[in-house]
Amino acid sequence: FHLLFTALLLAAVWSVPSYADEDPVELDLAKGDVVITNAGYSHGGGKIVPHQGSYVITSSSSEPVAHTITIESELADVTLRDVLAATADTSPLSLGGSLDHAMLRLQLDGTNVLQCTKGNYAGIFVPEGALLVIEDSMGSLSVTGSGTAAGIGGGSREEPLPGIVSEN
């Protein structure tokens, strides 16, 4: 069942056009949490700003920031560019939130480090029903979960999930 579900999700991801041709919105994680929804994005706890294109998330800080990225979109195109995030008691990057079938196409530019330092949280949380596709790109990604949680996937007591794909 999980294999069929993954195949259906992958077919859905590639049948939806990419927003990569539109001007991306650049968001600085050092300035606050980022939430991407179907309607747009919020940054630093502000109101939703309408946007239907792609996103580039950066960090102007040379030290790890404690802010988070939450994907609550049926399909989000995000590039991480030199992001250093270290959170406690939550995942630095989470798919889902209030949407149980979030999908993220992730590209990497530069060196990106996502880590959770306390609790049992994944570095990138991908709940059941969500899909993460890490596209072949020029950057690097280091992800660390805390406690016994996965680097990418679920928390410490969750079953492995089929919604993670790496293209290379």
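The values are calculated or read from the model by the stated rules, or taken from the named source; none is laboratory data. Note that this is a predicted model, so its numbers are computed, not measured. Counting neighbours? That spans all protein chains shown, and the Cβs are built from the backbone with ideal geometry, glycine included. Surface accessibility is based on the protein's heavy atoms, side chains included, excluding ligands, DNA and RNA. Shrake-Rupley method; radii C 1.70, N 1.55, O 1.52, S 1.80 Å.
How many of the residues making up the range 88-115 are in contact with a Gly (Cβ under 6 Å, 6 or more places away or on another chain) and open to solvent by 10 Å² or more (accessible area, probe 1.4 Å)?
Of the residues in that region, 7 qualify.
Since PRO127 meets every condition but one in (1) assigned to a loop (DSSP other than H, G, I, E, B); (2) in contact (Cβ under 8 Å) with a residue 60 or more places away in the chain; (3) open to solvent by less than 60 Å² (accessible area, probe 1.4 Å), which condition does it not meet?
Only one criterion is unmet by PRO127, namely (2).
What is the one condition in (1) over 24 Å from GLY154 (Cα atoms); (2) crowded, with 19+ Cβ neighbours inside 10 Å; (3) not aliphatic (A, V, I, L, M) that PRO50 does not satisfy?
Result: PRO50 fails condition (2) only.
Can you pull out every residue in the range 141-154 that is at pLDDT below 85, under 17 Å from LEU131 (Cα atoms) and surrounded by fewer than 19 Cβ atoms within 10 Å (Cβ to Cβ)?
None - no residue of the range 141-154 is at pLDDT below 85, under 17 Å from LEU131 (Cα atoms) and surrounded by fewer than 19 Cβ atoms within 10 Å (Cβ to Cβ), so the list stays empty.
Of all residues in the range 74-113, which are under 14 Å from VAL133 (Cα atoms) and of a type in the set (S, T, N, Q)?
If the condition is that a residue be under 14 Å from VAL133 (Cα atoms) and of a type in the set (S, T, N, Q), then THR79, SER94, GLN107 are the ones that fit.
Out of the range 139-154, which residues are out of contact with any Leu (no Cβ under 8 Å at 6 or more places or on another chain) and among the aliphatic types (A, V, I, L, M)?
Of the range 139-154, the ones out of contact with any Leu (no Cβ under 8 Å at 6 or more places or on another chain) are 145-151.
Of everything in the range 139-154, those that are out of contact with any Leu (no Cβ under 8 Å at 6 or more places or on another chain) and among the aliphatic types (A, V, I, L, M) turn out to be ALA149, ALA150.
Residues checked against (1) on the phi > 0 side of the Ramachandran plot; (2) free of Cβ contacts under 8 Å to residues at least 60 places away in the same chain; (3) part of a strand (DSSP E or B):
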{"residue": "TYR41", "(1), (2), (3)": "no, yes, yes"}
{"residue": "VAL56", "(1), (2), (3)": "no, yes, yes"}
{"residue": "THR70", "(1), (2), (3)": "no, yes, yes"}
{"residue": "SER91", "(1), (2), (3)": "no, yes, no"}
{"residue": "SER94", "(1), (2), (3)": "no, yes, yes"}
{"residue": "ASP100", "(1), (2), (3)": "no, yes, no"}
{"residue": "ARG105", "(1), (2), (3)": "no, no, yes"}
{"residue": "VAL113", "(1), (2), (3)": "no, yes, yes"}
{"residue": "LYS118", "(1), (2), (3)": "no, yes, no"}
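Return yes when GLU135 is at pLDDT 90 or above and not small (Gly, Ala, Ser) and no when it is not.
Numbers: at pLDDT 90 or above: yes; not small (Gly, Ala, Ser): yes.
Considered against the rule, which asks whether it is at pLDDT 90 or above and not small (Gly, Ala, Ser), GLU135 comes out as yes.
Would you be able to tell me the number of residues in the range 60-87 that are open to solvent by less than 70 Å² (accessible area, probe 1.4 Å) and small (Gly, Ala, Ser)?
Number satisfying all stated conditions: 5.
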